[in-house]
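Report on the structure given below.
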Amino acid sequence: APMQPVLALPRRPPGPPMPPPLPPVDPENADRIERMAHYVAKNGMQFEQVTRDKQAQNPKFSFLAPQGENSQYYRHVLNCLMNGGWSLEQVQQVRLQRSVGPAAVPAPQSHIRGPSTPPGMPPPPAPASAALSGFP
């Protein structure tokens with residue numbers, strides 16, 4: 001039987017997929033990058049060009065320069081928004097899930113009794129056998 005042609009995915013370099021670049025540790029920085037990518041995805045690449053020219057001396061927008069700090073993360077987010085059908089909310093959600101260290105948002109501990117309970121959910125009832133297992 002003839003081999004099936006492999007469908008080529010657009011905008012994807014050959015080889016194994018690269019892990020997505022890590023977002024900046026500072027959540028404010030990450031937020032600025034994601035919002036910028038959101039505006040560019042909505043308004044077109046000329047918006048990026050205008051902003052890059054206007055903010056050329058502003059270190060907070062260094063990610064717009066091709067080799068600038070966090071430029072890879074910016075390109076990744078822009079690609080997710082323009083070609084991946086993602087929303088800004090999804091991008092931010094994924095970042096919060098991935099972030100580790102000081103930038104991670106701790107889950108409120110007050111009403112959580114076990115690691116399996118998502119925030120905002122009541123804790124699951126303990127099975128009767130588990131409640132009795134500590135007794136003779």
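Once you charge only the Cβ atoms, +1 for Lys and Arg and -1 for Asp and Glu, what is the size of the charge dipole of the range 27-99 about its Cα centre, to the nearest 20 debye? Show your work: numbers first, answer last.
Working: 9 positive and 7 negative charges, 6 e Å.
For this selection, approximately 20 debye.
Between GLN93 and ALA56, full extension at 0.36 nm per residue minus the direct alpha carbon distance yields a gain of 10.4 nm.
Suppose R0 equals 22 Å. What FRET efficiency, 1/(1 + (r/R0)^6) with r the Cβ-Cβ distance, do ALA65 and MET45 give to the nearest 0.05?
Details: r = 15 Å, r/R0 = 0.68.
Between ALA65 and MET45 the formula returns 0.90.
Per-residue 3J(HN,Hα) values for the range 80-85, derived from phi via the Karplus relation 6.51 cos²θ - 1.76 cosθ + 1.60 with θ = phi - 60°, read 4, 6, 7, 10, x, x Hz in sequence order (x marks Gly and Pro).
Every number here is computed from the coordinates shown, using simple stated rules; none is lab data. Please read these numbers as outputs of a predicted model, since none were measured by experiment. No Cβ is skipped: glycine too gets one built from the backbone with ideal geometry, and neighbour counts run over all protein chains shown.
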